[in-house]
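S.K.: Here it is, the structure in full.
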Amino acid sequence: MSPRSIRNYLGLNRNVTVLAISVFGLALGEELWQAYLPKYLATLGASGIVVGLFSSYKDLLDGLYQYPGGWINDKFGRKNALMVFTLIAMSGYAVYALAPHWAFLFLGLTLVMAWKAGAFPTTFAVIGEALPQGKRAIAFSVQSILVRFPRVIGAPLGGLLIVGLGMNFGIRIAFGITLVLAALVLLTQWHGYRETLSHENSYSESSAVGIFRQMPKTLKRLLLAELLVRIGEGIAAAFIILYVTNILNFSVSTYGMLYAIQQTVAISSYIPSGKLADMTGRKPLIALTFLFFALFPLAVHLSTSLGALIVAFIIGGMKEMGEPARKSFIVDMADPNQRGRAVGIYYTIRNLLVVPAGAIGGILWEQSPHLPLQVAFVVGICGLFVYLFSSKNEAMPLPLVQ
């Protein structure tokens, strides 16, 4: 296949390519230090409680930034939104690099999350605007790969920096590298992105409540089902590694191998599942991924050998296969003139309501290490049934590939 044919197959037109470069460049930079932030906090004098609060604050910002990010995207256009969020994130990287005390990292996180959460609705809007319905799922597949692949290479490179230069100096160098990558991303956005709509003419002033009311019932039903599925995931997520290492008595390195298998399966599933979603429709793959979300903690719970755990983590990787279908369905259903805000509302509701799931899992873990995994399965299956029964009479036309 020629380079042009490959770009067409992957839905990489000009604007989507700029988005892909932005996603990959910033993800690569952030993965250099992301996993080491708790240690950096401790190096600057933070207590364990502060480290936990930092993690909770990140989850809170992930929910709170979604709607304002969508509003900026709809009001000022895709290009301006991408550049503004990149600039704000860059200031956060600088705060991280120069922080003399752990308290400054909370300010840095507030700024950094402008890209990770604030720009999230913009990625949906760019793909929805730049591509026809029949090519959106494959484009979301590409974006998902570009977010996750840096996890494979970024963290080890950042670890080498820290080992070679020490925690304090090494991680600050990593922040500096991220700033350079972000500057290159900003230049790419400035010179590469071509705005295709006049947002001043298409923007309508609507409240968040009004936009939620206007969302199609099919999208609200998906939100309800996904809420249950994600709450189930959140109940078990933090305790998978503890169950594998503390209860099943496998080593941390073995868990690392299992996690690598899970990520490899996830990455390898995106392109074929995205193309399948564009060819056959969204609903079957969304239902299948909800099933895998529910089965993963149960499979871990039922494992008694390394072979069984490998199968469980393959199932864990397969739960990502429906992500392109789900994201493209959200874009398909959202009003183009308020797509950013609609996506922002969807994820604000989802992310904020899922926040308590980890605490629930902790309470269950204290009662019995088996409970978080069992309850996660039950809640996840409930989400799957809600989706299947609420959408069984809906007409789901196949997307038209253009």
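S.K.: Any residue in the stretch 277-299 that's more than 11 Å from Lys319 (Cβ to Cβ): show its pairings with residues that are outside any helix (DSSP H, G or I) and β-branched (Val, Ile, Thr) at Cβ separation under 8 Å, as long as the two are six or more apart or on different chains.
M.R.: Note: pairs meeting the criteria are Asp278/Val401; Met279/Val401.
S.K.: OK, next. For the stretch 329-370, name all the residues that are polar (S, T, N, Q) and closer than 27 Å to Ala236 by Cβ. Even if it seems obvious, please write down each step before you answer.
M.R.: Taking the stretch 329-370 and keeping what is polar (S, T, N, Q), we get 337-338, 348, 351, 367-368.
Selection gives Thr348, Asn351, Gln367, Ser368.
S.K.: Out of all the residues in the stretch 363-378, which are surrounded by 13 or more Cβ atoms within 10 Å (Cβ to Cβ) and in a helix (DSSP H, G or I)? Please lay out each step first, then the result.
M.R.: Keep residues of the stretch 363-378 that are surrounded by 13 or more Cβ atoms within 10 Å (Cβ to Cβ), which gives 364-365, 369-378.
Leu364, Trp365, Leu371, Pro372, Leu373, Gln374, Val375, Ala376, Phe377, Val378 - these are the residues of the stretch 363-378 that are surrounded by 13 or more Cβ atoms within 10 Å (Cβ to Cβ) and in a helix (DSSP H, G or I).
S.K.: Also, I was wondering about something else. Might you let me know whether the stretch 188-205 holds any residue that is surrounded by 16 or more Cβ atoms within 10 Å (Cβ to Cβ), under 23 Å from the mean Cα position of the chain (by Cα) and part of a helix (DSSP H, G or I)?
M.R.: Taking every residue of the stretch 188-205 in turn, at least one turns out to be surrounded by 16 or more Cβ atoms within 10 Å (Cβ to Cβ), under 23 Å from the mean Cα position of the chain (by Cα) and part of a helix (DSSP H, G or I).
S.K.: Here is a further query. Identify, please: which residue in the stretch 84-113 is among the aromatic types (Phe, Trp, Tyr) and assigned to a helix (DSSP H, G or I) and is, among those, farthest from Val50 (Cα to Cα)?
M.R.: Going through the stretch 84-113, the residues among the aromatic types (Phe, Trp, Tyr) turn out to be 85, 93, 96, 102, 104, 106.
Filter once more, keeping what is assigned to a helix (DSSP H, G or I): 85, 93, 96, 104, 106.
Values: Phe85: 26, Tyr93: 20, Tyr96: 16, Phe104: 12, Phe106: 10 Å.
Top of the filtered list is Phe85.
S.K.: What tally of residues in the stretch 329-353 results from selecting those that are modelled with pLDDT of 85 or more and among the polar types (S, T, N, Q)?
M.R.: Residues in the stretch 329-353 being modelled with pLDDT of 85 or more and among the polar types (S, T, N, Q): 2 in total.
S.K.: Another question, if that's okay. Just a yes or no: is a residue in the stretch 116-133 touching an Asp or Glu at 6+ places or on another chain (Cβ under 7 Å), in contact (Cβ under 8 Å) with a residue 60 or more places away in the chain and more than 22 Å from Ala35 (Cβ to Cβ)?
M.R.: yes
S.K.: Could I ask something else about it? Go through the residues of the stretch 128-144 one by one and say whether even a single one is assigned by TED's automatic domain parsing to the domain that holds Phe76 and touching a Phe, Trp or Tyr at 6+ places or on another chain (Cβ under 6 Å).
M.R.: Within the stretch 128-144, one or more residues are assigned by TED's automatic domain parsing to the domain that holds Phe76 and touching a Phe, Trp or Tyr at 6+ places or on another chain (Cβ under 6 Å).
The values are calculated or read from the model by the stated rules, or taken from the named source; none is laboratory data. Here the structure is a predicted model, which means the values were calculated and not measured. In this analysis, Cβ positions are derived from the backbone assuming ideal geometry, glycine residues included, and neighbour counts consider all displayed protein chains.
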